[in-house]
1. Look at B:Ala291 and say whether it is closer than 30 Å to A:Leu274 by Cβ and within 12 Å of chain A (Cβ to nearest Cβ).
2. Does B:Glu268 qualify as being crowded, with 19+ Cβ neighbours inside 10 Å, in a helix (DSSP H, G or I) and more than 9 Å from chain A (Cβ to nearest Cβ)?
3. Being at pLDDT 95 or above, hydroxyl-bearing (Ser, Thr, Tyr) and part of a loop (DSSP other than H, G, I, E, B) is the filter here; which residues of the stretch B:149-187 pass it?
4. Which ones in the stretch B:319-369 are of a type in the set (Lys, Arg) and buried (at least 21 other Cβ atoms within 10 Å of the Cβ)?
5. List every residue pair whose Cβ atoms lie under 7 Å apart, where the two residues are 6 or more positions apart in sequence or sit on different chains, the first residue falls within the stretch B:203-219 and is more than 7 Å from chain A (Cβ to nearest Cβ) and in contact (Cβ under 8 Å) with a residue 40 or more places away in the chain, and the second residue, located anywhere, is of a type in the set (S, T, N, Q) and part of a loop (DSSP other than H, G, I, E, B).
6. Just to be sure before I move on: is A:Glu243 in a loop (DSSP other than H, G, I, E, B), surrounded by 17 or more Cβ atoms within 10 Å (Cβ to Cβ) and not hydroxyl-bearing (Ser, Thr, Tyr) in the structure I sent?
7. Criterion first (modelled with pLDDT of 95 or more and over 20 Å from the mean Cα position of the chain (by Cα)) does A:Lys145 satisfy it?
8. Can you name every residue in the stretch A:149-178 that is of a type in the set (Ser, Thr, Tyr) and either more than 14 Å from chain B (Cβ to nearest Cβ) or under 27 Å from A:Ser374 (Cβ atoms) (or both)?
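The values are calculated or read from the model by the stated rules, or taken from the named source; none is laboratory data. These figures come from a predicted structure and were not determined experimentally. Positions of Cβ are generated from backbone atoms using ideal geometry, with glycine treated the same way; all protein chains shown enter the neighbour counts.
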Protein chains: 2
Amino acid sequence: MSLERIYRYVDEHADAFVQDLVRLVRQPSVSAKGEGIEDCAELVEEMMREVGLSAKILKGEKGHPVIYGEVKSKRTAKTLLFYNHYDVQPPEPLEEWKYEPFGGEIADGKVYGRGAVDNKGNLVSRLKAVQAYLETVGNVPVNIKFVVDGEEEIGSPNLEPIVKRCKQLFSADAAVWEFGGTDRRGRPHLYLGLKGVLSVELRAKCALKDVHSANAPLIPNAAWRLVWALNMLKDMNEKILIEDFYDKVQPPSDEEIECLRNIPFEEEELRKELGLNQFLKGLSGFEALKALLFQPTCTINGLLSGYTGKGSKTVLPKEAMAKLDFRLVPNQKPDEILEKLTRHLKAHGFSDIEIVRYGSTEPVKTPVSDPFVSLIAKTAEKVYGEKAVIYPLSAGSGPMHLFRNILGLPVVSAGCGHPESNTHAPNENLRIESFIKGVKFIAALINDFAGYSVA
Amino acid sequence: MSLERIYRYVDEHADAFVQDLVRLVRQPSVSAKGEGIEDCAELVEEMMREVGLSAKILKGEKGHPVIYGEVKSKRTAKTLLFYNHYDVQPPEPLEEWKYEPFGGEIADGKVYGRGAVDNKGNLVSRLKAVQAYLETVGNVPVNIKFVVDGEEEIGSPNLEPIVKRCKQLFSADAAVWEFGGTDRRGRPHLYLGLKGVLSVELRAKCALKDVHSANAPLIPNAAWRLVWALNMLKDMNEKILIEDFYDKVQPPSDEEIECLRNIPFEEEELRKELGLNQFLKGLSGFEALKALLFQPTCTINGLLSGYTGKGSKTVLPKEAMAKLDFRLVPNQKPDEILEKLTRHLKAHGFSDIEIVRYGSTEPVKTPVSDPFVSLIAKTAEKVYGEKAVIYPLSAGSGPMHLFRNILGLPVVSAGCGHPESNTHAPNENLRIESFIKGVKFIAALINDFAGYSVA
């Protein structure tokens, strides 16, 4: 079958595809706040049906709905599964957005909005690739399945029971993960794994109420307690101080080191974009990249205590909180890290600090040598006209381990983003050109997968 | 002259006095935000005129207006000056108020509202004492002057040039400071001095924008920078680590120690009210009180960075801030402390931390042996029926040094508050009984001051 016909359809319908993306971006779906979730799930189900998939909403005992979509091929039993998510990060800080976060504004050849690339753009690019097949040839060359998560941005805390329950329904031969894109020079980037993550909130509570700061010689201050507790977690050289934190860290294999050496890391651009003279610890080149992908981290995501308005207020705050995430590498486990964190705080006199656990996912990877990796790399090179760049691990996180470890699939992440897409930041955007190219890439991948030998 | 007639007038007009206080509380005047300031200044001027004072609004080159009021005595050249302020602390956290912070709600025999006691209640109690004289005997036994500040809660940064300019206008023989009250057992408390204060904001800035926390191995995190910088300022034993911070600290004199021993410190009540098993470092009794009054402090008033909403967000924040105040004891100087702080942060590798200076005032005290102290103590004992408790220094702060050092006055603070007035905290309130007693106390003080021998 000629892909030309498919590509032509994509080009002719580009405007309508963009409008469908805008429609999805305009529907807020902030999982951290539970904002717009149900409406967005219904919209995704509707959009799947419009494309020609059968679709249904799956609900777990708790958590946001997952949307499952599929279309069967008349030609083969082989199945390609797409993992995406319809939930988005909170749009804050709002004052830094040029356009409304949920406005879906089109400007400078880009669609602006929270979720434009992460992950609504990627989801729509995949739906539209399937649409192109169904509308032109009336069939798909392989079975297609979609699993669209509603809690990816909060660590997918409720996806595991659904994947376990739907093991048969979700069965496939390979999975394409949610994200990816090209670098500034147009080279497609593929990701074979994810770091794990553990998100927590530390809460210090001292007196029953805020008091006048004149009482400071006598009354414990929750903000100080929190600062001292945080200081116990990481030193100024970025070394995480939690006992045994690094114990199970698996260093990159020779094969992975080889991949790392082929990654054209655009470090100058990144530093320039962020206004930095240097990266942490003066890292650069291979060492910076190795740290980015294979080094676990402990990040403060947010701090709040006492008076934070204009000017000064002589108050001694009764409570203080910090939000933190730990990025984990193979073979660290979130449960073990939480236990180590709890033990560490206790051992250093901070058993008064409450630890609230938010989402977590495990680190996971598909081997560089897996045949699905070669297949997707070849397709990417064909579509983008550039050799694919292979990341043995991504610095990001997600519930990939459920698909790799429970469903047993090779999983590779590839998508339609760009380094200036501002993922998770204000002014998130998707370049329309990248989006349309992304639709074609997925269409080509579906085509090539039909000739893939299942291992 | 019999005070009975004055007291009777006060009792007969108690309801109207409370209504006047409510009227003033209902006018917001948050100096930190510049909210309602001009309107409140005009209201204070109006209320002074209603009482029978001549009043005018004084403006400096910058800052909020000061209201000056006076009434001359036909009997003496002696002058008693009252220092008060019409500005209030920000009311946050709003959700913890039982009544509207600026509603002036009357409940349980109290007036609720931000400023009810600090300092609108005290101001109105003094105005009403003057009114009682003017309405009954048609004159005051001594000259009365009021200086009503509009920036006390932000450290009175613009009062000094006004005091210098108005040295003649403000000339007096003694000054009564803005605050005070009784303890739970009804004993009047007098304060002979104030700690100094220096309020600052520390700001950490790293990258030009917030980024996805996956970048944590490479991108500096402003929240961590701030935590590490704060940790350099005070250790877990409450010792301030800034070089030479304690150098000029003057320990209490024997006379002051004697005063301290006579202070019936209601420590159990304070701990119970705040839900604490013990004070910092297990201090109690005399040692706790000595620390409260004579130990300088470094307090975090507020912390803010990154995402502080519900749930989690995997963001790496570009900026972070902490609001701090330092409480200073004689002979520490705010300017010198700021210089030491700046030098200390620089010496420890934190020259990237921006220090924004807010208000400051110097520590100051009037000697225990000053005759004005004996006078006011005697009056208090007479009115409250209990021996006055004398604090050689208060744990609070204010621009008292301008009145003591520039105008050369003995200054004592006495007022109508109560330990459960929730000064600077949610549900600030003034007991109506304390308020009316406070009016009588000021009336008696004016009377007794007429017989005072100016040193």
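1. So B:Ala291 fails the test.
2. No: the conditions fail for B:Glu268.
3. The one that is at pLDDT 95 or above, hydroxyl-bearing (Ser, Thr, Tyr) and part of a loop (DSSP other than H, G, I, E, B): B:Ser171.
4. Selection gives B:Lys323, B:Arg327, B:Lys365.
5. Matching pairs, first to second residue: B:Cys206/B:Asn221.
6. For A:Glu243, the condition - in a loop (DSSP other than H, G, I, E, B), surrounded by 17 or more Cβ atoms within 10 Å (Cβ to Cβ) and not hydroxyl-bearing (Ser, Thr, Tyr) - is not met.
7. no
8. Result: A:Ser171, single match.
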